[in-house]
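Engineer: First the structure, which I've put down as structure tokens, then a few questions once you've had a look.
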Amino acid sequence: MLATLSLALSLLSSPVQTEWIETDAAPIEVMVLGSYHFTGGGQDLHNAQVDDHLAPERQAEIEQVIEALAGFAPTKVMVELTPDYEDSFNAEYQAYLAGEHALTVNERQQLGMRLAARLGHERLYAIDWASGMDFEGMMTAADEAGQTRLLGEFGNFNAAMPDVMAHMESGSVAARLRASNGPFVHDSHGLYLTLAQMGSADAPIGVQEMSTWWTRNLAIFANAARHAEPGDRLLLIYGAGHKHLLEQFFEDAPGFRVVDPLDALPQ
């Protein structure tokens, strides 16, 4: 067993480590569109305050975004919903196609269903994996362990968020989505590694909570990838906090190529 493992590791570390993975097939393109919640709600640590996205002005702006995303021509549209809701979600989608359902304000419908209908898709794909995050437990553990540096880093992040959220709370829908897919999404991902350090070696609550976060995003990636077929272009419409890890997983996975939504979204 150890000899087999050693051989596998040596192959992975050799200069030709990727030759056995590469194929002649063109990579499957993946666009991860980080989104704020159109309802203004959500269970995130910070949620954007939004106005009525069913208002005529916002509906026109959403149409502009749909037109731009249609240029990517995704073959499959995937949304932040667990697979057990996929059938009911697609039943609503079919009702929408038949003119028997008015789209709700949620971005899954305003962006997902509307775009899928524009492209003539028969269905959408629910790829989420349910999990929570115990912020209070991590803060308590860090306080009890005297981890002032970590608490300070977390405090600095929270202090910076009002300015960041302001960009997701003003301007057109396209401008807000551009903010949701901007550099801050990637730059702020170190927060999760700050949280991972909270607690102790004997009671590593930060590691446990962040393991759940990584697991959720890995499951989302796997759920999406299982649906992918040669020639596909996948569009994932997801909360912006997931964008960094999802793009990282697709970039590292053989057979996929990540496409930046900022190249598609209107200015």
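The values are calculated or read from the model by the stated rules, or taken from the named source; none is laboratory data. Being a predicted model, the structure only gives us computed values, none of them experimental. Note that we place each Cβ from the backbone using ideal geometry, even for glycine, and neighbour counts take in every protein chain shown. In case anyone asks, the SASA skips ligands and DNA or RNA and just uses the protein heavy atoms, side chains included. Shrake-Rupley method; radii C 1.70, N 1.55, O 1.52, S 1.80 Å.
Engineer: Quick one: if the Förster radius is 51 Å, what FRET efficiency do residue 252 and residue 54 give, using the C-beta to C-beta distance and rounding to 0.05?
Structural biologist: 0.85
Engineer: What whole-number value in Å² describes the accessible area per residue of the chain for a 1.4 Å probe? Each step should come with its number before you reach the end.
Structural biologist: Details: 13500 Å² over 267 residues.
Computed with neighbouring chains in place, this is 51 Å² per residue.
Engineer: Something else now. Suppose a student asked you for the relative contact order of the range 59-156, using Cα pairs under 8 Å spaced at least 6 residues apart; what percent would you report?
Structural biologist: So the answer I get is 35 percent.
Engineer: What percent does the relative contact order of the chain come to when contacts are Cα pairs within less than 8 Å and at least six residues apart?
Structural biologist: Numbers: 374 pairs, mean separation 97.6, N = 267.
Relative contact order of the chain: 37 percent.
Engineer: For a quick check, take a GNM of the chain with Cα springs below 10 Å and name the residue from 223, 106, 156 with the largest mean-square fluctuation.
Structural biologist: Judging by the Gaussian network model, the answer is 156.
Engineer: Just the number: Rg to Rh for the chain, Cα atoms, Kirkwood Rh, two decimals.
Structural biologist: Result for the chain is an Rg/Rh of 1.01.
Engineer: Roughly speaking, to the nearest percent, how much of the chain's 1.4 Å accessible area is carbon and sulfur?
Structural biologist: Ligands and nucleic acids excluded, carbon and sulfur give 54 percent.
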